[in-house]
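Novice: Would you mind keeping the following structure in view while I ask a few things?
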Amino acid sequence: MPYTFKQLLEKITSEKAPGPSPTFSVFHILRAIELIAEKTIGRSKLAENLKVGEGAIRTIIDRLKDAGLITTSKAGCTLTNEGLKLWREYKSIFEKKIEIGKNELALADYNFAILIKNHGHKVKSGMEQRDAAVMAGAKGATTIMFKGEHLIIPSVTKNVAENFPRAANQIVRHLKPKENDVIVIGSADDLRKAEYGTLAAAWALLNDC
């Protein structure tokens, strides 16, 4: 299955340009699109949300604009029809992303959970997701699958509800997984790293497609 949004966003991020290497990742690009999808937003507010400098936010906006995903005006940045189409494609797979409270699977003070639709068959050991989260600055990530009406963690437990009841309750209540869905919980010592670590772990599920 080709992921058009994955290929496009990685291309936008990796484009070479004169000057120093970009100080942002594909997850900054994703977060920017998410914020713009919510409402028209100005450059300074975008930079503040993404925690990037003036140079980086200018490059992000320019690349999104050159790719035909956003338009800019005095009011700020807005998604184009192409941008909305890409965002809907992304959301059809990465259905929900939420900040969650502490639970037995939380590895640090800040934790995010993301639901990836119908990708349970792509999970191997969960180590790939953990490593991707760590590389993005998180403490780690736990990968959970919904199979046969149960939440399971590969090589750890076939019944999360039994072994990690608080985490299972949060997942079922907030994310409402269905058969073959995947939930990744990423943790870090600050909110942004937890969010990007969770995204990085989920993104790793799209590899080798």
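No lab work stands behind these numbers, since they all come straight from the coordinates. Here the structure is a predicted model, which is why all the values come from computation and not from measurement. So basically every Cβ, Gly included, is an ideal-geometry build from the backbone, and we count neighbours across all protein chains shown.
Novice: List, in order, the whole-Hz ³J(HN,Hα) value for each residue of the range 5-13 obtained from phi through the Karplus relation with A = 6.51, B = -1.76, C = 1.60 and θ = phi - 60°; use x for Gly and Pro.
Specialist: Once θ is set to phi - 60°, the couplings for the range 5-13 become 5, 5, 4, 5, 5, 5, 5, 4, 5 Hz.
Novice: May I ask you to list the trypsin sites (Lys or Arg not before Pro) in the range 142-209 that are in a DSSP loop and have at most 14 other Cβ atoms within 10 Å of their Cβ?
Specialist: Passing both the DSSP loop test and the Cβ count: Lys158, Lys178.
Novice: If you take the Cα Rg of the range 94-204 and divide it by 2.2 N^0.38 Å, with N the number of residues, what do you get?
Specialist: 0.92
Novice: Determine ³J(HN,Hα), in whole Hz, for all residues of the range 84-91 in sequence, where each value follows from phi through the Karplus function 6.51 cos²θ - 1.76 cosθ + 1.60 and θ = phi - 60°; x replaces Gly and Pro.
Specialist: Result, rounded to whole Hz: 5, 4, 4, 5, 5, 5, 4, 5.
Novice: A further question follows. Near the amide H of Ala108, under 5 Å away, which other amide H atoms are found, from residues 5 or more places off or on another chain, if H is placed in the peptide plane?
Specialist: Ala188
Novice: Under a straight-distance cross-link criterion of Cα-Cα below 20 Å, which aspartates and glutamates are reachable from Lys158, leaving out those fewer than 8 residues away in the same chain?
Specialist: Glu104, Glu128, Glu149, Glu179, Asp181
Novice: If we count every other residue with Cβ under 13 angstrom of Glu82's Cβ, Lys/Arg +1 and Asp/Glu -1, where does the sum land?
Specialist: Net local charge, Glu82 excluded: +1.
Novice: Same structure, new question: Go through the range 149-158 residue by residue and turn each phi into a ³J(HN,Hα) via Karplus (6.51, -1.76, 1.60, θ = phi - 60°); whole Hz please, and just put x for glycine and proline.
Specialist: 6, 10, 7, 10, 10, x, 6, 10, 7, 9
Novice: Which net charge results for the neighbourhood of Ala188, defined as the other residues with beta-carbon distances under 10 angstrom from its beta-carbon, given Lys and Arg at +1 and Asp and Glu at -1?
Specialist: Details: positive: Lys139, Arg192, Lys193; negative: Asp109, Asp189, Asp190, Glu195.
Once positives and negatives cancel, what remains is -1.
Novice: Using only Cα atoms, tell me the angle between helix 54-66 and the longest principal axis of the chain; keep it within 0 to 90° and round to the nearest 10.
Specialist: So the inclination is approximately 90 degrees.
Novice: A follow-up question, please. By the scheme Lys and Arg +1, Asp and Glu -1, what is the net charge of all other residues having a beta-carbon under 15 Å from that of Ala37?
Specialist: So the environment of Ala37 carries a net charge of +3.
Novice: Could you list log10 I(q)/I(0) for the range 4-79 at q = 0.14 Å⁻¹, which the Debye formula gives when each Cα is one point scatterer?
Specialist: Taking Cα atoms of the range 4-79 as identical point scatterers yields -0.38.
Novice: Mind checking which of Val26, Val156, Val182 has the largest fluctuation in a GNM of the chain, springs on alpha carbons under 10 Å?
Specialist: In this elastic network of the chain, the residue with the biggest mean-square fluctuation among Val26, Val156, Val182 is Val156.
Novice: Which GluC sites (Glu not before Pro) in the range 140-188 sit in a loop by DSSP (not H, G, I, E or B) and have at most 13 other Cβ atoms within 10 Å of their own Cβ?
Specialist: Glu149, Glu179
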